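The values are calculated or read from the model by the stated rules, or taken from the named source; none is laboratory data. Since this is a predicted model, take the numbers as computed values, not measurements. Backbone-built Cβ (ideal geometry, glycine too); neighbour counts: all protein chains shown. Areas reflect the complete protein model, heavy atoms only, side chains present, ligands, DNA and RNA absent. Shrake-Rupley method; radii C 1.70, N 1.55, O 1.52, S 1.80 Å.
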Amino acid sequence: LDALWAWAPYLLAGFGWNILIAACAMALGTLAGAGLAWLCLARSPWLQRPARAATTLCRNAPTIVFQFYLAMMLPQAWGVPAWFKASLALALAVVGFTSDNLQIALQAWRAGQRSVALLFVPSWGTYLVISVIASSTASIIGVPELVSRSNSVINATGRTDLMVPVYLFAMLVFFLFCWPLVAALKRVRASLSRRFAAA
């Protein structure tokens with residue numbers, strides 16, 4: 001416990017990278033996905049078809065493979081940091097999610113079903129939680145986030161007996177961040193569902 005306490009600030013600082021990666025991925029993916037959703041609902045088939053194809057591609061592309069692709073293919077001379085490459089990779093899935101779900105929300109809004117449309121908000125929040133958890137894959141391309149720093153602590157101390165408590169600590173950090181958000185989102189979803197049922 002003493003060793004874990006001593007390394008806790010270092011580990012928690014790593015979790016800041018997880019939050020940054022997830023927030024950036026959600027921002028980029030939401031903006032691009034909203035644009036695709038709007039194009040998917042356009043009247044022109046010349047706009048709809050490529051937008052739907054792009055949505056399908058983003059929804060089904062393996063983000064971890066895309067992360068490796070960005071890490072290896074973007075020239076080092078461009079100075080793109082590893083954490084941003086991880087954000088771009090995670091943003092790919094967010095684009096597909098946003099495009100799919102925002103189309104439904106926009107159609108419901110236009111039909112006057114406001115509560116149904118607003119269900120997009122807790123769904124988006126849930127995907128944010130998923131993105132925070134998925135951000136741990138950034139460790140494989142050298143981002144010093146929580147999981148990567150957990151590995152560094154174990155390697156630096158040379159103590160294999162720290163493996164279980166360090167990883168349990170990392171799991172606890174993710175849990176304490178994600179669980180309250182999920183609980184709040186469930187309440188929001190339940191409230192919107194009741195409002196829709198009453199309407």
Next on the checklist: Show me, for region 40-46, the HN-Hα J-couplings you get by feeding each phi into the Karplus relation (A = 6.51, B = -1.76, C = 1.60, θ = phi - 60°), rounded to Hz, glycine and proline as x.
Outcome noted: 5, 9, 5, 6, 6, x, 5
Checklist entry - Of Y127, A25, Q107, which is farthest on the positive side of the dipole of the chain, counting Cα position, with +1 on Lys and Arg Cβ, -1 on Asp and Glu Cβ, and the Cα centre as origin? => result Q107
Checklist entry - Got a number for the accessible area of C58? Probe 1.4 Å, square angstrom, nearest 10. => result 20 Å²
Item to check | Residue with peak Gaussian network fluctuation, the chain [Cα springs, cutoff 10 Å], from L162, L39, L88 | outcome: L162
Checklist outcome for this item: Computed from every Cα-Cα pair in the chain, P(r) in 5 Å bins starting at 0 and rounded to whole percents is 1, 8, 13, 15, 15, 14, 12, 9, 6, 4, 2, 1, 0
Checklist entry - Pulled fully out, how much extra length does the chain show between A183 and R59, if you take 0.36 nm times their separation in residues and subtract their Cα-Cα distance? => result 42.1 nm
Checklist entry - For the chain, modelled as a GNM with alpha-carbon contacts under 10 angstrom, which of I19, I141, I154 fluctuates the most? => result I154
Next on the checklist: Which one, L70, L176, L28, has the greatest fluctuation when you compute a Gaussian network model over the chain with C-alpha springs under 10 angstrom?
Outcome noted: L176
Checklist entry - Is it possible to state the helix-based mean residue ellipticity at 222 nm for the chain, with each DSSP H run of 4+ residues giving -39500 (n - 2.57), the sum divided by total residues, to the nearest 500 deg cm²/dmol? What is it? => result -28500 deg cm²/dmol
Checklist entry - DSSP loop chymotrypsin sites (Phe, Trp or Tyr not before Pro) in region 82-144 with at most 12 other Cβ atoms within 10 Å of their Cβ, which ones? => result none
Checklist outcome for this item: re region 26-144: pairs of Cα atoms spaced beyond 24 Å account for a percent value of 33 percent
Item to check | FRET efficiency, 1/(1 + (r/R0)^6) with R0 35 Å, evaluated for Q113 and I133 via beta carbons | outcome: 0.65
Checklist entry - When the chain is fully extended, how far beyond the present Cα-Cα distance does A190 get from V164, taking 0.36 nm per residue of separation? => result 5.6 nm
Next on the checklist: Net charge around S135, counting only other residues with Cβ within less than 14 Å of its Cβ (Lys, Arg = +1; Asp, Glu = -1)?
Outcome noted: +1
Checklist entry - Using bins 10 angstrom wide from zero, how does P(r) for region 39-94 break down, in % of all Cα pairs? => result 24, 37, 26, 14, 0
Checklist outcome for this item: the chain: relative contact order from alpha carbon pairs under 8 Å, six or more residues apart, as a whole percent, is 30 percent
Checklist entry - Roughly how much of D2 is accessible, in Å² to the nearest 10, using a 1.4 Å probe? => result 130 Å²
